[in-house]
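Report on the structure given below.
The values are calculated or read from the model by the stated rules, or taken from the named source; none is laboratory data. Predicted model only: the values in this text are computed from it and were never measured. A quick note on method: Cβ atoms are made from the backbone with ideal geometry, for glycine too, and the neighbour counts reach across all protein chains shown.
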Amino acid sequence: MEYEEAKQLIVEKLTKKLKTKSKFYFNDLSKILGLKPREAKKIVNRLIQDQVLEYWSSGSTSMYGLPGTGKQASAEHEE
Amino acid sequence: MAKHATPLLDQLESGPWPSFVLDDLLGVLELSYKHGRTHWKHGGIVGVFGYGGGVIGRYCDQPEMFPGVAHFHTMRVAQPGGKYYTTEYLKNICDLWEFRGSGVTNMHGSTGDIIFIGTSTPQLEEVFYELTHTFGQDLGGSGSNLRTPSDCIGSSRCEYACYDTQAICYDLTQEYQDELHRPAFPYKFKFKFDGCPNGCVAAIARSDISFVGTWKDDIKIDQEAVAGYVGGEFAPNAGAHSGRDWGAFDIEKEVTGLCPTNCMKYENGKLLINTKECTRCMHCINVMPRALHIGDDRGCSMLVGAKAPILDGAQMSSLLVPFIKVEEPYDEIKEVIENIWDWWMEEGKNRERLGELIKRQGFQKLLEMTNIKPVPQHVQEPRHNPYIFWNEDEVEGGWDRDINEFRKYHQR
């Protein structure tokens, strides 16, 4: 899968789900891409580097999201 | 005068080593004691650029009351092999943390990293830059990735080490940098390296893949030294239990009688060991280190699936590879690791540890995915299920048959 195509697919699907979900497991992303985890990882890494996605971590579990979406712990009290 | 009154905690500050140093930190704790619940929250998008782990966001939910700890992020710093440090290095990283963080550290966290406790978001990149550029020091793992691999001191100081734990720990850390820093696993994953079955890093109890040193040939016996122990010339356990008088050393009661497989006996002043039955438990070697020594044909056993009791209780690792040579470039070992990862990344549910996947899909599935043939060492107990389920490829001719050929010999 081409990078640009993958990027569009991820952004589109994640934006669509934004009403209910702002953080996604790595598995969700590889399912969207329809790729094996190792292949998906290469693309997801690049999406992070290009700041299309950002990491979220609880300390024990990591997830991915579109930058600026969802409620972040630090921002809660600023609303 | 303290910033916050902390009557419930003042005792902590008495004595030569006051436990807490920050006013606001004490204040939060006092408030937690008063309310009976925590005022910390964790998790978030904080981190250093390009890394998905190494930083754990921590915030206080009373930032106006305790501005000094409104952000109090944790940073994990990868520990060196065997946790050896120079004093200069320790001074340097302490200075850095005092300057850029709270100055509070934890040496070490359960996974083994140096833990820097407490800094604010703008300091993260600064600390990371200094660590990597000035001290040649990387962050450790956190989140759904490979956690910082950890090892015992190995052959650097221990005569029991069956392989160079530090060499392989370093090699795999370098090889799997991407897995360490960019999370794409279902959950955390840990490697630990024990040089011998004494298990000083407790690999078997707390790592998804435990590497435990072992040997294939005979335990080396110095019969003269055995006689020395029997005669009371040498203290058993190298004098470790000399705090009280246990009476004269009794080799039958303290060594041969405690052998878990009854593979040894002491006869006519000679110690005999039946290597075939020995499980390398290390007990006899630990009691008589002058007389007994690990064999020369050394390597490690790979065990898989240990975890802590968060879900479904704690689990110890199960033996997967009974013996494997530990030699650079560790290709055979890496092949096993990567086959396991391919299976777990594909089949593991979110937040499911390898040990749980093995329980869910079966050890047999793991053997299949790693292309390892079943051997007696994989069998824990006789099977409970009397049925054998064959796969199509295990049966001659598969599931299809030629009905006309069959009818030639069998009437309807």
Residue pairs qualifying under the 6 Å Cβ cut-off, at least six apart or on distinct chains, with the first in the range B:391-412 being under 30 Å from B:Gln364 (Cβ atoms) and the second being not in a loop (DSSP other than H, G, I, E, B), are B:Gly398/B:Glu392; B:Trp399/B:Glu392
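Filtering the range B:57-79 down to residues that are part of a loop (DSSP other than H, G, I, E, B) and within 17 Å of B:Glu130 (Cβ to Cβ), which residue is nearest to the other protein chains (Cβ to nearest Cβ)?
Top of the filtered list is B:His73.
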With (1) surrounded by 14 or more Cβ atoms within 10 Å (Cβ to Cβ); (2) more than 30 Å from B:Ala225 (Cβ to Cβ) as the list, and B:Ile294 as the residue in question, which single condition is left unmet?
-> (2)
Filter the range B:149-159 down to residues that are in contact with a helix residue (DSSP H, G or I) (Cβ under 7 Å, 6 or more places away or on another chain) and part of a loop (DSSP other than H, G, I, E, B) and give me whichever is nearest to the other protein chains (Cβ to nearest Cβ).
-> B:Pro149
Only one of these is modelled with pLDDT under 95, under 28 Å from A:Val44 (Cα atoms) and either small (Gly, Ala, Ser) or surrounded by fewer than 23 Cβ atoms within 10 Å (Cβ to Cβ) (or both): B:Thr132, B:Thr111, B:Thr173. Name it.
-> B:Thr111
Answer yes or no: is there a residue in the range B:182-189 that is away from every other protein chain (no Cβ under 14 Å), closer than 28 Å to A:Tyr25 by Cβ and either aliphatic (A, V, I, L, M) or in contact (Cβ under 8 Å) with a residue 12 or more places away in the chain (or both).
-> no
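Matching residues to (1) crowded, with 22+ Cβ neighbours inside 10 Å; (2) touching a Gly at 6+ places or on another chain (Cβ under 8 Å):
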residue: B:Lys41; (1), (2): no, no
residue: B:Val55; (1), (2): yes, yes
residue: B:Glu64; (1), (2): no, no
residue: B:Val69; (1), (2): yes, yes
residue: B:His73; (1), (2): yes, yes
residue: B:Val77; (1), (2): yes, yes
residue: B:Thr86; (1), (2): no, no
residue: B:Lys91; (1), (2): no, no
residue: B:Cys94; (1), (2): no, yes
Just one of (1) surrounded by fewer than 21 Cβ atoms within 10 Å (Cβ to Cβ); (2) within 30 Å of B:Cys169 (Cα to Cα); (3) facing chain A (nearest Cβ under 10 Å); (4) not charged (D, E, K, R) trips up B:Thr121, so point out which.
-> (2)
Being on the phi < 0 side of the Ramachandran plot and touching a Lys or Arg at 6+ places or on another chain (Cβ under 6 Å), is that true of even one residue in the range B:176-183?
-> no
Is there a residue being of a type outside the set (A, V, I, L, M, F, W, C), at pLDDT 95 or above and in a helix (DSSP H, G or I) anywhere in the range B:35-56?
-> yes
So which residues in the range B:297-324 are assigned to a loop (DSSP other than H, G, I, E, B), surrounded by 18 or more Cβ atoms within 10 Å (Cβ to Cβ) and more than 20 Å from the chain's Cα centre (by Cα)?
-> none
Can you name the number of the only condition in (1) away from chain B (no Cβ under 11 Å); (2) without any contact (Cβ under 8 Å) to a residue 24 or more places away in the chain that A:Ser58 fails?
-> (1)
If you go through B:Ile209, B:Ile219, the only one that is at negative phi, crowded, with 23+ Cβ neighbours inside 10 Å and in contact with a Ser or Thr (Cβ under 9 Å, 6 or more places away or on another chain) is B:Ile209
For the range B:208-282, which fully contained strands (runs of 3 or more DSSP E) count at least 2 residues that are within 30 Å of B:Ile168 (Cβ to Cβ) and in contact (Cβ under 8 Å) with a residue 40 or more places away in the chain?
-> B:209-215
